[in-house]
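Inspection log for the structure reproduced underneath, given as structure tokens.
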Amino acid sequence: MESFVDRMIAEHRELNERIFKLKEFIKSEKFDTLNSENQSLLYAQLHAMETYCIILTRRIKINTNFGEQK
């Protein structure tokens, strides 16, 4: 049975892949064809995803080093 930490690690990996793909899309010509509202929303989405990734990283760290504080 998969632990919650294993699920967080898998989610973190998937999230990093999605962040990479979104960054690549933002650099593409197709992104330039979107209206400014859609572009702004995608930038906001990227920021939210990166923030969530930081949170997951911290949660993984504290749950794999239980009792250790740095």
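The values are calculated or read from the model by the stated rules, or taken from the named source; none is laboratory data. This one's a predicted model, so the numbers in the text were calculated from it and none came from an experiment. Neighbour counts run over all protein chains shown; Cβ positions are idealised from the backbone, glycine included. Just the protein is used for accessible areas: all its heavy atoms, side chains included, with ligands, DNA and RNA removed. Shrake-Rupley method; radii C 1.70, N 1.55, O 1.52, S 1.80 Å.
Counting lysine pairs in the chain that sit 8 or more residues apart in sequence, or on different chains, and whose Cα atoms lie under 30 Å apart gives 4. Toward the positive end of the charge dipole of the chain, with +1 on the Cβ of Lys and Arg and -1 on the Cβ of Asp and Glu, the farthest Cα among THR51, THR64, ASN38 is that of THR64.
In this structure, THR64 and PHE20 have a Cβ-Cβ separation that, at R0 = 30 Å, corresponds to a calculated FRET efficiency of about 0.80. Probing with 1.4 Å while keeping every protein chain in the model, the per residue accessible area of the chain equals 81 Å².
Within the chain, what whole-number % of the accessible surface is contributed by carbon and sulfur, with the 1.4 Å probe and all protein chains included in the calculation? Looking at the chain in its full context, I get 55 percent from C and S.
In the chain, the longest principal axis of the Cα atoms and the axis of helix 36-64 are about 10 degrees apart. Rounded to the nearest 10 degrees, the angle from helix 4-26 to the longest Cα principal axis of the chain is 20 degrees.
For ASP6 and TYR52, the FRET efficiency from 1/(1 + (r/R0)^6), where r spans their Cβ atoms and R0 equals 30 Å, is about 0.95. Checking (i) 40; (ii) 32; (iii) 28 against percent of Cα pairs over 21 Å apart calculated from these atoms, the matching label is (i).
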